[in-house]
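Structure record follows, encoded as structure tokens.
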Amino acid sequence: MKPSALLPCLIGGGIAALLLALFIGAAPISPFAAIKALFGVGSPSDLIVVWEIRLPRALAAYCVGAALGISGAALQGLLRNPLAEPGVLGVSATASLAATAILYWGLARQFEFIMPIASIIGALAATALIGFAAIRSASVVSLILIGAALSSFAGALMSLLMNTATDLFSLSDMVDWMLGSVANRSLGDLALSGPFMAAGALILLSQARGLSALTLGEEAAQGAGLDLQRTRLFVTLGAGLAVGGAVSMAGIIGFVGIVAPHMVRPLVRHDPARTLIPAALLGAIMLTLSDLLIRLIPTATELKLGVVAALAGAPVFAWIAAKRRPADG
């Protein structure tokens with residue numbers, strides 16, 4: 001595929017995926033009726049299905065996939081490692097820890113929007129810590145190690161909460177959250193989490209030039225005038241905001257941030273700056289179609305989006321790792 005055709009194809013694919021998500025579902029609604037309902041015309045039941053069930057869910061999957069895709073591409077460019085992904089900085093785990101704590105104490109049943117707010121606060125706290133480390137540290141290895149420690153610590157605390165939970169309903173909610181899902185999301189949830197994902201994406205796009213310079217190596221990039229610490233700080237901040245918003249919407253979704261950038265990178269000549277937008281669009285398509293597949297699989301209990309993403313992404317992750325040369329680090 002020519003690079004000039006990549007973005008139009010991905011944009012068209014995203015629109016097609018969203019339309020399929022509106023057309024297909026348990027309720028028998030024709031595509032024509034779904035389109036009419038999208039514009040506010042049709043029976044009350046069609047309007048409810050489209051505007052309160054299918055559209056919010058499809059948009060949530062699309063936005064979360066885009067946030068994870070662009071975050072993964074930016075982090076891979078910053079760390080110069082194709083195996084890096086949004087969870088590498090511990091932001092996903094910390095955001096999930098905050099949400100799990102809310103579920104543990106039963107506060108989610110009392111306050112409608114406290115879950116996404118808690119997730120975003122957790123992500124911002126982790127981002128602040130990693131951002132401080134990015135300013136003080138002289139090595140990306142230190143950032144990875146700090147992120148790994150933060151992720152492990154947050155994971156241990158989540159396990160502790162689950163281990164000590166006495167309310168079976170809260171325990172079930174915690175497990176569902178950790179498995180990841182966009183079911184039962186509303187346009188209000190998207191309005192709360194969307195600005196964080198959008199702000200993070202814009203910050204990452206503002207660092208595109210610096211990510212391209214880093215392909216020369218850190219010393220050469222600094223010699224060309226790149227402020228390395230500033231680039232680390234803003235990429236970390238942007239990824240933290242985008243991933244925090246995504247986790248607040250869908251819980252933990254893995255592998256999209258690895259697979260989407262890897263698939264588009266050869267089509268943009270391995271330029272990190274030109275990978276950002278295509279990776280976001282492909283990640284959005286991947287997660288929208290994955291959620292549509294979940295709705296079509298005839299199971300007694302609906303599969304979780306994070307589980308399906310992991311089942312599809314883990315083999316690709318192993319393939320990427322196996323293809324890496326020793327010189328890649």
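The values are calculated or read from the model by the stated rules, or taken from the named source; none is laboratory data. Just so it is clear, the model here is predicted, and its values are computed rather than measured. Every residue, glycine as well, gets a Cβ built from its backbone with ideal geometry; the counts of neighbours run over all protein chains shown. Only protein heavy atoms, including side chains, enter the accessible area calculation; ligands, DNA and RNA are left aside. Shrake-Rupley method; radii C 1.70, N 1.55, O 1.52, S 1.80 Å.
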For this session: Considering only segment 154-240, give the helices (runs of 4 or more DSSP H) lying wholly within it that have at least 3 residues that are in contact (Cβ under 8 Å) with a residue 40 or more places away in the chain and open to solvent by less than 60 Å² (accessible area, probe 1.4 Å).
Result: 168-179, 187-206, 208-213
For this session: Could you pull out the residue among I258, I285, I294 that is touching a residue at least 12 places away in the same chain (Cβ under 8 Å) and farther than 21 Å from A21 by Cα?
Result: I258
For this session: For segment 242-258, enumerate the residues that are modelled with pLDDT of 90 or more and either over 25 Å from D189 (Cα atoms) or open to solvent by 10 Å² or more (accessible area, probe 1.4 Å) (or both).
Result: I253
Exercise. Where residues in segment 52-67 are open to solvent by 10 Å² or more (accessible area, probe 1.4 Å) and touching a residue at least 40 places away in the same chain (Cβ under 8 Å), which of them is farthest from L22 (Cα to Cα)?
Worked result: A66
For this session: Output yes when any residue across segment 78-91 is open to solvent by 10 Å² or more (accessible area, probe 1.4 Å), closer than 20 Å to L287 by Cβ and at pLDDT 85 or above, and no when none is.
Result: no
Exercise. So, of the residues in segment 111-131 that are of a type in the set (G, A, S) and surrounded by fewer than 19 Cβ atoms within 10 Å (Cβ to Cβ), which turns out to be modelled with the highest pLDDT?
Worked result: A125
Problem set entry | Any helices (runs of 4 or more DSSP H) falling wholly within segment 37-150 and containing at least 2 residues that are in contact with a Leu (Cβ under 6 Å, 6 or more places away or on another chain) | 55-79, 91-104, 114-136
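Residues are listed down the side, and each one gets a yes or a no for (1) closer than 21 Å to A126 by Cβ; (2) in contact with a Gly (Cβ under 6 Å, 6 or more places away or on another chain):
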| site | (1), (2) |
| --- | --- |
| D46 | no, no |
| V49 | no, no |
| Y62 | no, no |
| I70 | yes, no |
| L75 | yes, no |
| L78 | yes, no |
| P86 | yes, yes |
Problem set entry | Those residues of segment 57-99 which are within 19 Å of A149 (Cα to Cα) and among the hydroxyl-bearing types (S, T, Y), in sequence order | S92, T94, S96
